[in-house]
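The values are calculated or read from the model by the stated rules, or taken from the named source; none is laboratory data. Fair warning: this is a prediction, and the values are worked out from it, not measured in the lab. With ideal geometry, Cβ positions are generated from the backbone for all residues, glycine too; neighbour counts draw on all protein chains shown. For accessibility, only protein heavy atoms count, side chains too; no ligands or nucleic acids. Shrake-Rupley method; radii C 1.70, N 1.55, O 1.52, S 1.80 Å.
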Amino acid sequence: MNVLLCTLGASWAVVPEVFAFLAPDLLDLYRWHPQSRSLRDLRQRHAFQPPDELWICTTGGAQTERSLALLEAWWIALGAPLPLRVWTAANTDQLASQAECDRIRELTFRLVLLASERSREGGQLVLCLAGGRKTMSADLQSAGALFGACAWLHVVGPDPLPAELRDPTPDLMARPLPQALAGAVIPLVVGRGTRSELIDIDDHGRIDSTHFSVPLARPRCDWVLPDEGASLTAELERRQRQGSQLMGNFLMHLAEREPLENWRSLYRLPPRIIDGLRRAPLCSGDAGWLAVLPKADLHRHLGGSLSIAAQRSVGRAIWDAESVRRRAAALDTVAGLLRSRADWPWSWPADLKSRGTEARALGCAALLVEASDEQLERNLYGVTEPRLALKFQSAHGFDAYERPGELSGSALLGHVAALSPYAAALVTQARQEGLVYAELRGSPHKYRPRDPASFVAELCSELRSYGGTCADGCHFGFVWILDRRQRESLDMVIGQAVAARQTHPDFLYGLDLAGDEGSSAPEALAACFTP
């Protein structure tokens with residue numbers, strides 16, 4: 001539900017002035033305003049919705065009764081388009097004593113609490129600070145800062161106002177203002193608030209309107225401050241004092257014992273929520289929510305990122321691009337693997353690689369086209385389980401880490417027919433996973449030893465052709481992988497990457513040092529990266 005909550009004093013017209021800004025379809029007061037377009041843009045920028053109910057918080061006394069009579073007459077002239085609820089703090093008039101100010105302050109805080117709860121699920125609470133005495137506006141703003149509000153509104157105008165607007169008639173404020181008066185009033189957005197975390201850091205639980213109630217006005221309510229029972233304003237002051245100390249202690253304790261830096265922004269939440277997040281495990285029921293969350297992937301390998309189905313589509317594209325004779329030769333190369341019901345020999349990737357780039361790509365394509373899902377699952381993934389970080393229960397060490405990517409990446413991307421379906425699979429995958437940003441990692445000098453920069457250019461072009469790197473899709477970047485085991489070629493490859501960066505600065509973002517970390521120390525290679 002959307003609630004507009006206003007304080008009211010002698011100037012009753014501020015209520016229609018703010019109401020018309022939020023609900024121009026119900027009251028087009030500013031039709032002839034010289035800044036009508038700016039007012040519309042302001043409303044759209046804050047995504048304001050028209051109120052579902054209009055709430056008034058005011059004092060007692062003859063002056064207020066006159067304002068309320070004019071307000072109710074305006075509401076009737078407008079056709080009473082939605083509920084109007086009015087709360088009056090009993091035993092208040094001129095707010096000339098501390099006791100009177102305490103009564104209206106307590107009512108104001110209770111009404112903002114109630115309105116914030118009623119507008120919590122998809123609604124908006126908007127507070128108008130323009131009406132009533134300054135202390136009433138200050139109380140309304142303070143309450144909004146503690147319980148949260150979509151916006152605080154005010155209205156300004158010249159001093160003095162035109163005579164017709166100093167004491168307007170209800171009929172005047174129920175229709176578009178004449179052009180001579182239309183520009184004399186300007187609604188303003190002067191702030192907004194979110195619920196303070198300090199008021200919920202307490203063993204007594206969350207503050208809500210159940211414990212600090214106020215009856216719903218139907219349409220009017222003369223509210224009397226209870227002689228007994230808790231005071232909301234006093235409880236808020238106590239919690240703020242205590243909450244500041246508890247929050248400081250909590251954050252100090254957290255900094256001492258928390259080893260994970262990733263989610264520091266979450267530590268602004270109240271401790272009870274943080275503890276709840278710590279104890280709540282993710283489960284299969286969260287999969288849909290996780291899938292739609294916008295995500296960034298900063299370490300997505302070209303070799304190893306595709307599913308078996310996606311790898312098969314790339315293999316099929318290579319297969320269809322080749323002659324019958326070359327396919328037959330490729331099938332003959334891998335016939336023993338395809339017939340085997342046992343695990344493939346550990347050396348099968350090296351055997352294919354030794355035949356040269358084209359033969360290797362064709363042999364891998366043959367496996368992807370002809371091998372069963374069970375064979376591929378077992379020989380790419382199953383034989384390397386368990387994979388925990390870079391520690392393997394295997395005699396093959398780092399080779400086991402590289403095994404899952406053996407039928408993608410370098411094995412396929414050297415073939416001219418591979419890049420287009422590969423890019424299509426990457427874009428589809430990013431869309432399915434909710435990625436808005438992805439940095440791909442690959443080794444162009446391994447895919448195209450003679451002209452690696454052309455691979456970067458074509459990959460960028462293919463990704464864009466399938467909707468990647470566009471405003472409403474996933475933006476892709478590329479990180480060029482260098483192999484620490486190939487020290488003799490590092491200088492040359494870095495030179496190629498630097499040159500490619502000049503022509504594709506919006507796609508080629510960096511260099512990466514990969515390969516078995518046990519083969520060389522990083523500081524021994526640091527000088528290569530100077531360019």
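Listing for the model above:
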{"item": "Number of positions in region 490-519 that are open to solvent by 30 Å² or more (accessible area, probe 1.4 Å) and not in a strand (DSSP E or B)", "result": "16"}
{"item": "Top-ranked residue of region 96-140 - restricted to ones that are under 25 Å from P226 (Cα atoms) and under 24 Å from the mean Cα position of the chain (by Cα), ranked as surrounded by the most Cβ atoms within 10 Å (Cβ to Cβ)", "result": "S116"}
{"item": "Residue list for region 268-304, restricted to those being among the acidic types (D, E) and more than 30 Å from L459 (Cα to Cα)", "result": "D275, D286"}
{"item": "One residue from A151, A143 being free of Cβ contacts under 8 Å to residues at least 40 places away in the same chain and open to solvent by less than 10 Å² (accessible area, probe 1.4 Å)", "result": "A143"}
{"item": "Residues of region 96-135 classified as in a helix (DSSP H, G or I) and farther than 12 Å from G148 by Cβ, total", "result": "18"}
{"item": "Which listed residue is modelled with pLDDT under 90, more than 17 Å from N2 (Cα to Cα) and either open to solvent by 20 Å² or more (accessible area, probe 1.4 Å) or out of contact with any Phe, Trp or Tyr (no Cβ under 6 Å at 6 or more places or on another chain) (or both), from D222, D202", "result": "D202"}
{"item": "Total residues in region 176-196, condition open to solvent by 20 Å² or more (accessible area, probe 1.4 Å), more than 20 Å from L127 (Cα to Cα) and in contact (Cβ under 8 Å) with a residue 24 or more places away in the chain", "result": "4"}
{"item": "Sole exception among (1) at pLDDT 90 or above; (2) more than 15 Å from H301 (Cα to Cα) for A430, by number", "result": "(2)"}
{"item": "Some residue of region 152-164 being at pLDDT 90 or above, aromatic (F, W, Y) and out of contact with any strand residue (DSSP E or B) (no Cβ under 7 Å at 6 or more places or on another chain)", "result": "no"}
{"item": "Boolean, D28 is farther than 23 Å from V214 by Cβ and assigned to a helix (DSSP H, G or I)", "result": "no"}
{"item": "Criterion: within 30 Å of S323 (Cβ to Cβ) and among the aliphatic types (A, V, I, L, M) - qualifying residue of L482, L440, L426", "result": "L426"}
{"item": "Only one of L380, L368, L413 that is modelled with pLDDT of 95 or more, aliphatic (A, V, I, L, M), under 39 Å from the mean Cα position of the chain (by Cα) and surrounded by 16 or more Cβ atoms within 10 Å (Cβ to Cβ)", "result": "L368"}
{"item": "Where W344 falls short, out of the listed (1) over 39 Å from the mean Cα position of the chain (by Cα); (2) more than 27 Å from T428 (Cα to Cα); (3) open to solvent by 40 Å² or more (accessible area, probe 1.4 Å); (4) not β-branched (V, I, T)", "result": "(3)"}
{"item": "Hits in region 282-298 (condition: open to solvent by 100 Å² or more (accessible area, probe 1.4 Å) and modelled with pLDDT under 90)", "result": "L282, W289, V292"}
{"item": "Residue satisfying all of: in region 1-53; touching a strand residue (DSSP E or B) at 6+ places or on another chain (Cβ under 8 Å) and among the acidic types (D, E); most open to solvent (accessible area, probe 1.4 Å) among these", "result": "D52"}
{"item": "All positions within region 318-368 that are among the aromatic types (F, W, Y) and either in contact with a helix residue (DSSP H, G or I) (Cβ under 7 Å, 6 or more places away or on another chain) or without any contact (Cβ under 8 Å) to a residue 40 or more places away in the chain (or both)", "result": "W319, W344, W348"}
{"item": "Residues within region 464-492 that are touching a Cys at 6+ places or on another chain (Cβ under 9 Å) and in contact (Cβ under 8 Å) with a residue 24 or more places away in the chain, tallied", "result": "9"}
